Each structure stands twice: as structure tokens, then as C-alpha cells.
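Data block below; observations after.
The values are calculated or read from the model by the stated rules, or taken from the named source; none is laboratory data. Just so it is clear, the model here is predicted, and its values are computed rather than measured. Reconstructed Cβ throughout: ideal geometry from the backbone, glycine too, with neighbour counts over all protein chains shown.
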Amino acid sequence: RKEVEQDPGPFNVPEGATVAFNCTYSNSASQSFFWYRQDCRKEPKLLMSVYSSGNEDGRFTAQLNRASQYISLLIRDSKLSDSATYLCVVNGAGTYKYIFGTGTRLKVLA
Amino acid sequence: GAVVSQHPSRVICKSGTSVKIECRSLDFQATTMFWYRQFPKQSLMLMATSNEGSKATYEQGVEKDKFLINHASLTLSTLTVTSAHPEDSSFYICSARDLKTGSGNTIYFGEGSWLTVV
């Protein structure tokens with residue numbers, strides 16, 4: 001089993017739609033969780049950290065479910081500019097190693 | 001946010017030659033930097049963890065003699081791909097963690113380096 005797993009997609013959604021991604025992780029001792037966004041042929045950029053209580057930043061909501069070992073990202077009112085690959089990142093327990101999922105590709109259609 | 005600069009952004013080299021990629025933290029000190037490789041349509045794969053003033057820690061399957069890492073200062077780590085071959089062509093990207101209190105565990109990425117070996 002991969003340490004971090006994501007559905008690669010692509011998710012094709014119309015503008016204005018709500019879309020959600022999940023990411024599962026295998027190490028129950030993992031402590032830090034993030035969502036990064038990566039545009040084609042660019043470096044990943046931090047979208048948001050994921051806190052135990054869940055957190056929201058504008059149209060984006062991230063949640064953590066430790067019992068089931070997954071994190072989620074919800075995007076409301078999708079914009080064309082949201083088209084990108086969304087990477088789930090988990091901090092390996094007790095280390096500074098960050099493990100990346102394969103990414104979920106999102107295409108928002110006009 | 002913190003800034004990490006990577007250079008060169010693109011490089012083409014001949015098979016058998018060596019290529020050096022630099023990663024700098026511009027406005028913070030980074031005792032630890034990470035080197036990743038990303039093949040097309042794949043995820044970032046951690047190659048090694050670069051530790052300032054000590055030897056790098058390589059991930060399983062990564063040849064330390066082929067991918068030389070030097071972290072001589074708190075703001076600079078270099079990755080040298082030695083005796084490059086076409087299969088080494090990839091997107092190499094570094095990241096660093098800002099250890100300043102309050103920065104959390106966020107890591108910041110350099111812009112990445114596209115290596116093409118011909």
C-alpha cells in the first residue's frame with residue numbers, strides 16, 4: 001500500500017461546481033498534512049495546511065479524519081483558474097520527510 | 001512567505017557529463033533541504049534529505065555516488081547529477097523548511113530545474 005494515495009482523476013467539472021478530493025495515508029502516526037497545488041511544469045505551491053479541527057480559506061475547505069486516516073479538500077464555486085493538480089502531502093511521523101500523493105488533476109470547464 | 005530559489009531552471013547536457021543544481025533559501029535559514037524528482041505525470045519522489053554540515057540521507061534506490069549533495073551553508077544546498085544519462089532527464093526540485101518559530105511544518109519549494117540529457 002502506498003504511503004499516500006490519491007485518485008489521479010482527472011476531475012472535469014463546470015465552472016461554479018463544488019468538487020471534493022480525498023487522500024488516504026497509511027501511517028497513523030503522521031502529524032502534519034497539507035494540500036499543495038501544482039500547475040503544469042511548475043513547482044508545487046502551498047494551498048493550505050490541514051488542521052485537526054478542519055479549516056477554511058475562502059472557497060477551500062480542508063478536513064482531517066484521523067480515525068479513517070484521510071484528508072479532504074473541498075472547492076466551492078470552481079473557477080477556471082482552479083484547474084491544476086492538487087497534491088496531498090503528509091509529514092512522516094518523527095521525521096521531516098514529506099510524502100506526496102500522486103496528485104489529483106482538476107479541470108474546470110467553461 | 002519564505003522564498004526558495006533554484007538554479008538553473010532549465011539545462012540540457014550531453015550524456016556522460018555532470019550537472020549541478022543549486023537551491024538557496026533567500027530569507028531564512030534552512031538546516032535541512034529536500035531534493036525531489038518528478039517524472040511526467042508522476043508525483044514528486046523524495047531523493048534525499050540534505051543536512052547542513054553533514055552527509056545527506058538518501059532514499060532507498062537513489063545512488064548517492066550518482067546524485068551528489070552538498071549542503072555547505074544554512075542557505076545553500078547543491079545537487080550534482082554525475083555522468084548523466086538520458087534516463088536522468090526529469091524535473092528536479094528542492095524544498096526547505098523554515099525553522100523559525102511560528103512557521104509550522106510548512107515547506108517551501110524552489111522553482112524546479114528541468115534537466116534534459118541528450
Scan of region A:22-41 for residues that are over 14 Å from A:VAL108 (Cα atoms), in contact with a strand residue (DSSP E or B) (Cβ under 7 Å, 6 or more places away or on another chain), at pLDDT 90 or above and not β-branched (Val, Ile, Thr), ordered by number: A:ASN22, A:CYS23, A:TYR25, A:PHE33, A:PHE34, A:TRP35, A:TYR36, A:ARG37, A:GLN38
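Being more than 13 Å from chain A (Cβ to nearest Cβ), basic (Lys, Arg) and farther than 19 Å from B:GLN6 by Cα is true for just one of B:LYS20, B:LYS55. Which residue is that? Please lay out each step first, then the result.
Details: B:LYS20 fails: farther than 19 Å from B:GLN6 by Cα.
Only one candidate passes the filter, namely B:LYS55.
Quick one: which strands (runs of 3 or more DSSP E) sit completely within region A:10-51 and have at least 1 residues that are surrounded by fewer than 17 Cβ atoms within 10 Å (Cβ to Cβ) and free of Cβ contacts under 8 Å to residues at least 60 places away in the same chain? Show your work before the answer.
On the way: elements: A:11-14, A:19-25, A:33-38, A:45-50.
In region A:10-51, A:19-25, A:45-50 are the strands (runs of 3 or more DSSP E) which contain 1 or more residues that are surrounded by fewer than 17 Cβ atoms within 10 Å (Cβ to Cβ) and free of Cβ contacts under 8 Å to residues at least 60 places away in the same chain.
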Filtered residues of region B:94-106 (kept if facing chain A (nearest Cβ under 8 Å) and either at pLDDT 90 or above or under 17 Å from B:THR49 (Cβ atoms) (or both)): B:SER95, B:ARG97, B:ASN105, B:THR106
Residue satisfying condition, being within 11 Å of chain A (Cβ to nearest Cβ), within 23 Å of B:SER15 (Cα to Cα) and in contact with a strand residue (DSSP E or B) (Cβ under 6 Å, 6 or more places away or on another chain), within set B:PHE91, B:PHE109: B:PHE91
Selection within region B:24-47 - within 13 Å of another protein chain (Cβ to nearest Cβ), in contact (Cβ under 8 Å) with a residue 24 or more places away in the chain and among the small types (Gly, Ala, Ser): B:ALA30
Search result, residues across region A:61-82 that are surrounded by 12 or more Cβ atoms within 10 Å (Cβ to Cβ) and either farther than 17 Å from A:MET48 by Cα or not hydrophobic (A, V, I, L, M, F, W, C) (or both): A:THR61, A:GLN63, A:ASN65, A:ARG66, A:GLN69, A:TYR70, A:SER72, A:ARG76, A:SER78, A:ASP82
